[in-house]
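Only one structure is covered here, and it is reproduced in the block below.
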Amino acid sequence: MVIQKLESGNEFGHILLVPILMFLLGSTLISCAKNSDEIKTQDWVGRHRDELATRRGSPSHEARLAHGGRSLVYQQQSGSAKQRHNRCRSVFITDSQGIIQAAADYFC
């Protein structure tokens, strides 16, 4: 139907076609990015540690904290010189119920 309007000389339809297609393409790309398996470190705040362990595996180091929570450290085991500029350690702090209260990335 849009093509028929364009062929009939409807300039207004032609002007709107490109922005509409760009919007739809952008929306699709954003939606795909949000559905990715990669969850940013800060996005784990408020989630349970069991969900983190399911997605990322067991932490490299874990320690009980004085308030009853835990510190969970995920360490990158290896990497080239180029990768050293990327994060190599993610630290998560949970409360006593296992809910992640804070999260941070540390760079090599």
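The values are calculated or read from the model by the stated rules, or taken from the named source; none is laboratory data. The shown structure was predicted, so the numbers you read here are calculated from the model rather than taken from an experiment. Note that we place each Cβ from the backbone using ideal geometry, even for glycine, and neighbour counts take in every protein chain shown. Side chains included, ligands, DNA and RNA excluded: accessible areas come from the protein's heavy atoms. Shrake-Rupley method; radii C 1.70, N 1.55, O 1.52, S 1.80 Å.
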inquiry  = What's the total number of residues in region 29-56 that are modelled with pLDDT under 65 and hydroxyl-bearing (Ser, Thr, Tyr)?
reply    = 2
query = If you check every pair at least six apart or on different chains, which have Cβ atoms under 7 Å apart with a residue in region 42-66 that is on the phi > 0 side of the Ramachandran plot first and a residue that is modelled with pLDDT of 95 or more second?
reply = Gly46/Ile99; Gly46/Ile100
note = Within region 92-108, residues being among the acidic types (Asp, Glu) and either open to solvent by 50 Å² or more (accessible area, probe 1.4 Å) or over 15 Å from Arg64 (Cβ atoms) (or both) number 1
